[in-house]
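Asks: A single structure is presented below for examination.
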């Protein structure tokens, strides 16, 4: 199944932190924080300005982005979980 976000929305696949932290301590799922890093899977059709012109996205497919801890809409496609968030809610693009 393929999802194409509408407007200025972006489909992001959260990147989970490694389960084992320094010192070999395993953190249970219930104590983990929501991931703040993700990979852009798909971008929407674009936001329009007052004249009806489409405003170009600042992110593209494959970009690693920093997302807000809370916000967006969680969706599950098959066995994978994604977030649909507005481009303006993306905090930044991770270089590298």
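The values are calculated or read from the model by the stated rules, or taken from the named source; none is laboratory data. This one's a predicted model, so the numbers in the text were calculated from it and none came from an experiment. Neighbour counts are summed over all protein chains in view; Cβ atoms, including those assigned to glycine, are modelled from backbone coordinates with ideal geometry.
Asks: Does residue 61 satisfy being surrounded by 14 or more Cβ atoms within 10 Å (Cβ to Cβ), modelled with pLDDT of 90 or more and under 20 Å from the mean Cα position of the chain (by Cα)?
Replies: Values: surrounded by 14 or more Cβ atoms within 10 Å (Cβ to Cβ): no; modelled with pLDDT of 90 or more: yes; under 20 Å from the mean Cα position of the chain (by Cα): yes.
When the stated conditions are applied, residue 61 does not pass them.
Asks: Turning to a different aspect of this structure: So for the range 65-74 (the condition being touching a strand residue (DSSP E or B) at 6+ places or on another chain (Cβ under 7 Å), in a loop (DSSP other than H, G, I, E, B), at pLDDT 90 or above and farther than 16 Å from residue 3 by Cβ), does at least one residue qualify?
Replies: There is at least one residue in the range 65-74 that is touching a strand residue (DSSP E or B) at 6+ places or on another chain (Cβ under 7 Å), in a loop (DSSP other than H, G, I, E, B), at pLDDT 90 or above and farther than 16 Å from residue 3 by Cβ.
Asks: What about residue 52, is it modelled with pLDDT under 90 and surrounded by fewer than 14 Cβ atoms within 10 Å (Cβ to Cβ)?
Replies: In short, yes.
Asks: Just one of the numbered conditions (1) surrounded by 15 or more Cβ atoms within 10 Å (Cβ to Cβ); (2) within 13 Å of residue 14 (Cβ to Cβ) is not true of residue 71; which one?
Replies: The single condition residue 71 does not satisfy is (1).
Asks: Sticking with this structure for a sec: Looking at the range 43-64, which of its residues are without any contact (Cβ under 8 Å) to a residue 40 or more places away in the chain and in a strand (DSSP E or B)?
Replies: Of everything in the range 43-64, those that are without any contact (Cβ under 8 Å) to a residue 40 or more places away in the chain and in a strand (DSSP E or B) turn out to be 48, 54.
Asks: Turning to a different aspect of this structure: Residue by residue through the range 1-42, note down the ones that are outside any loop (DSSP other than H, G, I, E, B) and modelled with pLDDT of 70 or more.
Replies: The answer is 9, 10, 11, 12, 13, 14, 37, 38, 39, 40, 41, 42.
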